[in-house]
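Below is one structure, written out as structure tokens; comments come after it.
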Amino acid sequence: MPIIYTLESIKILVFFDDHYPRHFHVYYNEYEELIEIDTLKTYRGKMPTKQRHKVLKWAKENRGYIQKKWEEFNPDKK
């Protein structure tokens with residue numbers, strides 16, 4: 001499960017051989033949130049509001065990069 005980006009102390013990861021819907025994982029201290037790539041809606045978990053806003057801003061600007069990484073790490077699920 002490689003970290004694809006670190007935003008301050010927030011880690012953004014995409015797992016190998018992951019499940020649908022296409023999503024990325026966000027870790028901040030004891031919090032974890034899974035966010036769908038296509039909609040940027042929460043799939044599961046919860047992040048503090050301030051950190052979630054930072055992640056969503058970054059994700060909107062880098063959605064293509066996140067999609068590319070998900071496809072790279074999950075080649076059978078394009």
Discussion item. Only four residue types carry charge here, +1 at the Cβ of Lys and Arg and -1 at the Cβ of Asp and Glu. Report the dipole size of region 1-69 about the Cα centre in Debye, rounded to the nearest 20.
Written reply: 280 debye
Worksheet item: trypsin sites (Lys or Arg not before Pro) within region 1-77: which are DSSP loop residues with at most 12 other Cβ atoms inside 10 Å?
Response: LYS41
Worksheet, complete the sentence: For region 69-77, Karplus-derived ³J(HN,Hα) couplings (6.51, -1.76, 1.60; θ = phi - 60°; whole Hz; x for glycine and proline) come out as 5, 4, 5, 5, 7, 10, x, 7, 10
Worksheet entry | Neighbour cut-off at most 11 other Cβ (10 Å), DSSP loop, GluC sites (Glu not before Pro), the chain | GLU8, GLU30
Practice prompt. Classify the chain as rounded, prolate or oblate, taking a ≥ b ≥ c as the square roots of the eigenvalues of its Cα gyration tensor: rounded when a/c is under 1.5, otherwise prolate if a/b is larger than b/c and oblate if not.
Written response: prolate
Practice prompt. Multiply the residue separation of LYS11 and LYS46 by 0.36 nm, subtract the distance between their alpha-carbon atoms, and state the gained length in nm to one decimal.
Written response: 11.2 nm
Practice prompt. Would you give the gap between the C-alpha center of region 13-35 and the C-alpha center of region 57-74, rounded to a whole Å?
Written response: 12 Å
Practice prompt. Would you mind ranking ASP76, ASP38 so that the residue whose beta carbon has the fewest other beta carbons within 10 Å leads the list?
Written response: ASP76, ASP38
Practice prompt. Please determine, in degrees from 0 to 90 and to the nearest 10, the orientation of helix 49-61 with respect to the longest principal axis defined by the Cα atoms of the chain, where the helix direction is its Cα long axis.
Written response: 40 degrees
Worksheet item: Quick one: longest stretch of the chain between exposed loop chymotrypsin sites (Phe, Trp or Tyr not before Pro), exposed meaning at most 15 other C-beta atoms within 10 Å and loop per DSSP?
Response: 17-78
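Any read-out appearing in this document is the output of simple, stated calculations on the displayed coordinates, not a laboratory observation. A quick note: this is a predicted structure, and the numbers were derived from the prediction, not measured. Backbone-built Cβ (ideal geometry, glycine too); neighbour counts: all protein chains shown.
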